[in-house]
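J.: Would you mind keeping the following structure in view while I ask a few things?
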Amino acid sequence: MSIIVATNFSKLSENAVLYAAGLTKQFQTELVLFHAFKLPVHAANSRLSAISLDSLFEKNKVKLKKTAAYLSEKFQIKVTYKSTYSNLGEEADLLMKEHKARFLVIGMSPKSIEQNLIGNPTTSVISMKEFPVLAIPIEAKFKEVKQILFACDLLQDIPLKTLAKLRQVALNLKATVTVFYVDQKIEELQTDTTNTLDKELEDVTHFYKNVKSNSVIDAIEDEIKKSNSELLVMMPKKYGFWESIVHKSKTRVMASGQNIPLLSIPIES
């Protein structure tokens, strides 16, 4: 199983590429660099010929090849690459299936009011896709992950397939998991819920923490700072059209400008 990382050669995505390479070495797997070719604005306005477009495409492909060679030598991992004219949203599903990838790594844009309202490319991928997405902020540099903060709603069932993916990540990283639940009042956690989690995470060192707060987002951000967690894991809910207007996805908000990587694992039945 491989890890796929998307790049458009920006500083944000290049940082994600380096993080993905470090992670690939720790997972002892293969890294796939993916570039979705997008025509630059100035080039679009100049109405370039098909030959000129192909030339730009090939230049980007050469960049990918050089990056793959550099990462392979620096991290001592196998690196392949792919560049297409399609966008990331269109190609991601095919890539994930073709390479049997663990997750897609993508850069996480800095926080802004606009992104909280309408999202960004990272949050779009998270909300649209049914595979794990690892979002990397530009400040995050790969290092050993010892603490995983798993923010979830313990009042709702978490499917076993989803927990299995969390378990595998924790085992590969040799990390401790803190199961973090936020509510407006402190209640004793349901035995059935914790029994299921204990069973699925039995070979992973894990703890439970329940805090009282009226703001889930603020509570998670506060816990990230207190716990010195190196990775945040969340499981986004799927909303219908009208529900999505009323509800703001907590995962989407957290994927806009956090200072640690966010792994979004879709809920699977």
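J.: Please list, ordered by chain and number, the residues whose modelled amide H lies under 5 Å from the amide H of A101; skip anything fewer than 5 residues away on the same chain.
T.: Residues meeting the amide H criterion: S2.
J.: Right, next: Please give the solvent-accessible surface of D93 in Å², to the nearest 10, using a probe radius of 1.4 Å with every protein chain present.
T.: My reading of the accessible area for D93 is about 60 Å².
J.: In addition: Apply the Karplus curve 6.51 cos²θ - 1.76 cosθ + 1.60, θ = phi - 60°, to the phi angles in segment 58-65 and return the couplings in whole Hz, x for Gly and Pro.
T.: Computed from phi, the couplings for segment 58-65 are 5, 4, 5, 5, 5, 4, 4, 4 Hz.
J.: Among the listed pairs K65/K146; K11/K82; K146/K212; K11/K161, which have their C-alpha atoms separated by more than 23 angstrom in this model?
T.: K65/K146; K146/K212; K11/K161
J.: What are the ³J(HN,Hα) couplings of segment 81-93, residue after residue, when phi is run through the Karplus curve with 6.51, -1.76, 1.60 and θ = phi - 60°? Round to Hz, x for glycine and proline.
T.: Couplings: 8, 8, 10, 9, 7, 6, 8, 4, x, 6, 8, 4, 4 Hz.
J.: What residues from segment 190-219 fall in the zone where the backbone N is under 20 Å from a label point 7 Å along the Cα-to-C-beta line of L171?
T.: Within reach of a label on L171, which here means backbone N under 20 Å from a point 7 Å along Cα→Cβ, segment 190-219 contributes 195-207.
J.: Here's something else I'd like to know. Quick one: if the Förster radius is 25 Å, what FRET efficiency do D203 and Q156 give, using the C-beta to C-beta distance and rounding to 0.05?
T.: Efficiency for this residue pair is about 0.55.
The values are calculated or read from the model by the stated rules, or taken from the named source; none is laboratory data. This structure is a prediction, so every number in the text was calculated from the model and none was measured. With ideal geometry, Cβ positions are generated from the backbone for all residues, glycine too; neighbour counts draw on all protein chains shown. These area figures cover heavy atoms from the full protein model, side chains too; ligands, DNA and RNA do not enter into them. Shrake-Rupley method; radii C 1.70, N 1.55, O 1.52, S 1.80 Å.
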